[in-house]
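Comments concern the structure below.
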Amino acid sequence: MPTPRPWQNRLALPAIAAPMTAVSGPDLVIAACRAGAIGAFPTHNAPSSAALDDWLGHIRAALTADSAPVAANLVVHRTNRRLPADIEILQRHGIELVITSVGSPEPVVGPLHDAGAQVYADVASIDHARRALAAGVDGLILLTAGAGGQTGWANPFAFVRSVREFYAGPVVLAGGITDGRSILAAEILGADLVYLGTRFIATHESMADDAYRAALVAASLDDVRLSTRVGGIPASLLASWLDRAEQDAPPEASPDTGFNQDRLLSNSTAWSAGHSVSGVGAVTSVAELIATLVGQYTAARHDSAGLVTND
Ligand SMILES: Cc1cc2nc3c(=O)[nH]c(=O)nc-3n(C[C@H](O)[C@H](O)[C@H](O)COP(=O)(O)O)c2cc1C
């Protein structure tokens, strides 16, 4: 018997609408969870911890026990001054899944487990993966080259296969997931779930503005550039935004000083996108996007019958 995927009975697709600064808010999360994908958002998108409390209350009221889970993303870096207050709110709301990023999950795993949450950690190297597992996380999110936002650098094929040599638990592949066929490919590779970030920016429910959405529709993966100017560590940005930003303030004005949460938030109008931007062809609703992905995924399974053995 193959191991069931995490939350399998509540998902239409083995996918997480990935947390995105200044993009993922309650409307996107609710629409994703209703349509059968895990809906994630970074807690720092709520303007304060009190607002986070309101957001979670609103999201919970809009969903049912059958909806896909909600995931909160916590930046666990020491520069996130809201961390203790946000953790207390997540505990109080009985959040099902917390995703840690930019730092060690070690200090937050115990308190979140005590509140019944699963904790998945963003990792970008084998060393990060081993350390996150030693800290007691329940799943790994493998950030790979070409992912939107603060990207990884590892090749997805090599990264998933290397992690599978020592870890049999939940693995989420992040980066380059463009359509339903890539979701199936990630499963064949050994992932249980995928992250899709960029594909969800160009939806009516995202917090992105119209110019950003239009830029995504117009762009291809050739338009994605790496830069440290937004959060202090390498992120994938749209060239159209980066060129303008560098004209307004040259790169020397924002040297690479390592991650800083305040710097990330003060640049939250940046236009980030991963290589999967090549799959963005129109602005749609979240439900339409998920229905399209489900259709492509089902067709790909049909085309590759015999290759996939996990149901
Ligand atoms: C605009 C944008 C903002 C992002 N902000 C965050 C964030 O706040 N926290 C986080 O863990 N990841 C963040 N990410 C990364 C995504 O969660 C995810 O890893 C990535 O989008 C996957 O690659 P894809 O965009 O090609 O699907 C962001 C990505 C984008 C595109």
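The values are calculated or read from the model by the stated rules, or taken from the named source; none is laboratory data. A quick note: this is a predicted structure, and the numbers were derived from the prediction, not measured. Cβ atoms come from the backbone with ideal geometry, glycine included; neighbour counts cover every protein chain shown. The accessibility values were calculated without ligands, DNA or RNA, using every heavy atom of the protein model including side chains. Shrake-Rupley method; radii C 1.70, N 1.55, O 1.52, S 1.80 Å.
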- Query: Among bridges DSSP assigns within region 89-240, what percent are antiparallel (round to 5)?
  - Reply: 25
- Query: What does region 35-150 give for Rg and for Dmax, in Å, if only its C-alpha atoms count?
  - Reply: 13.9, 40
- Note on the structure: Of the candidates 89, 260, 289, the farthest towards the positive dipole end of the chain (Lys/Arg Cβ +1, Asp/Glu Cβ -1, centred on the Cα centre) is 89
- Note on the structure: With +1 on the Cβ of every Lys and Arg and -1 on the Cβ of every Asp and Glu, the dipole magnitude of the chain about its Cα centre, in debye rounded to the nearest 20, is 380
- Note on the structure: Per the charge dipole of region 210-266 (beta-carbon charges, Lys/Arg positive, Asp/Glu negative, Cα centre), the residue among 216, 245, 227 reaching farthest to the positive end is 216
- Message: Among DSSP bridges having both ends in the chain, what percentage is antiparallel? Round to the nearest 5.
- Response: 20
- Probe 1.4 Å, all protein chains present, accessible-area order of 266, 304, largest first: 266, 304
- Message: Taking all protein chains in place and a 1.4 Å probe, what share, in percent, of the accessible surface of region 210-266 do carbon and sulfur account for?
- Response: 54
- Query: Put +1 on the Cβ of each Lys and Arg and -1 on the Cβ of each Asp and Glu in the chain; which of 19, 190, 277 then has its Cα farthest toward the positive end of the dipole?
  - Reply: 190
- Note on the structure: Gyration tensor (Cα only) of region 96-210 to equivalent ellipsoid, semi-axes in Å sorted down, yields 23, 19, 13
- Query: How much accessible area per residue does region 210-266 have, in Å², with a 1.4 Å probe?
  - Reply: 51
- The rounded separation in angstrom of the Cα centers of region 32-99 and region 147-197 is 23
- Query: Taking amide hydrogens as modeled 1.01 Å from N in the peptide plane, which residues meet the under 5 Å criterion relative to residue 15, leaving out close sequence neighbours?
  - Reply: 38, 194
- Taking Rh as the Kirkwood radius, which is the inverse of the mean 1/r over Cα pairs, what is the Rg/Rh value for the chain? 0.94
- Note on the structure: Any trypsin sites (Lys or Arg not before Pro) in region 59-121 that lie in a DSSP loop and have at most 14 other Cβ atoms within 10 Å would be 78, 81
- Query: Tell me, what ³J(HN,Hα) does each residue in region 288-299 have, in order and in whole Hz, if you take phi through Karplus 6.51 cos²θ - 1.76 cosθ + 1.60 with θ = phi - 60° and put x for Gly and Pro?
  - Reply: 5, 4, 5, 4, 5, 4, 4, x, 5, 5, 5, 5
- Task: Output ³J(HN,Hα) for region 238-247: one whole-Hz value per residue in order, computed from phi by the Karplus curve 6.51 cos²θ - 1.76 cosθ + 1.60 with θ = phi - 60°, and x for Gly and Pro.
- Result: 6, 4, 4, 6, 5, 4, 5, 4, 6, 6
- Query: What list of ³J(HN,Hα) couplings, whole Hz, do you get for region 263-280 from phi and the Karplus terms 6.51, -1.76, 1.60, once you set θ to phi - 60° and write x for glycine and proline?
  - Reply: 5, 4, 6, 6, 10, 6, 8, 4, 9, 9, 7, x, 4, 5, 4, 4, x, 8
- Message: For a quick check: with amide H placed at 1.01 Å from N, whose amide H comes under 5 Å from residue 25's, ignoring anything fewer than 5 positions away on the same chain?
- Response: 207
- Query: Average projected area of the Cα convex hull of region 210-266, in nm²?
  - Reply: 4.2
